[in-house]
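Some notes on the structure that comes next.
The values are calculated or read from the model by the stated rules, or taken from the named source; none is laboratory data. Worth saying up front: this structure is predicted, and the values here are computed from it rather than measured. Using ideal geometry, Cβ is built from the backbone for each residue, glycine included, and neighbour counts are taken over all protein chains shown.
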Amino acid sequence: ASAGASAGMGGSPLLKEWIQDFSLPPRISLAGLFGALGTHKPESLNRALEWDVLQPLAKMVGRGEEKERELVASLLLVMMTASEKAWRAAKASKLLSESTTTAAASAAANKRQGGGNLPLLATCLKFDGTHEELGDHMFAMSK
């Protein structure tokens, strides 16, 4: 299908492609778009933060299948490491902290090794230091 035909079907062709690629619900794919904004267009991410995009993302961390929760956690990590404003907003979100703590505990209980993005997200939310130090810390943890 051409781009024009895709656009004529209603909605964003990019969003439809994202949904198809990952076989995930639209709201999860939307989280992916915000994650990409954090990397490629930080000023757009900052504007999205003003519209409180963290609220629905915080809800998604605590719901759905493990694959979905892990993906949202990964995307939040991208947003938070790409933008100091996103990191500070995430740290200030009580809902995100509570959802992440609960989801990380559930993931750890279901896995013997306790790996994944949810424990990393919990660490990132609790990190006490500068944004630059957070980046260094996350890089060291990824090795």
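Worth a mention:
- Residues that are under 10 Å from the mean Cα position of the chain (by Cα) and either under 14 Å from Leu96 (Cβ atoms) or at pLDDT 80 or above (or both) within region 17-67 comprise Ala31, Phe34, Leu54, Leu57, Ala58, Met60, Val61, listed in sequence order.
- When each of Leu76, Leu120, Leu134 is tested for being farther than 18 Å from Asn46 by Cβ and of a type in the set (A, V, I, L, M, F, W, C), the lone residue that passes is Leu120.
- Test: residue in region 105-119 that is under 12 Å from the mean Cα position of the chain (by Cα) and farther than 18 Å from Ser142 by Cα: no
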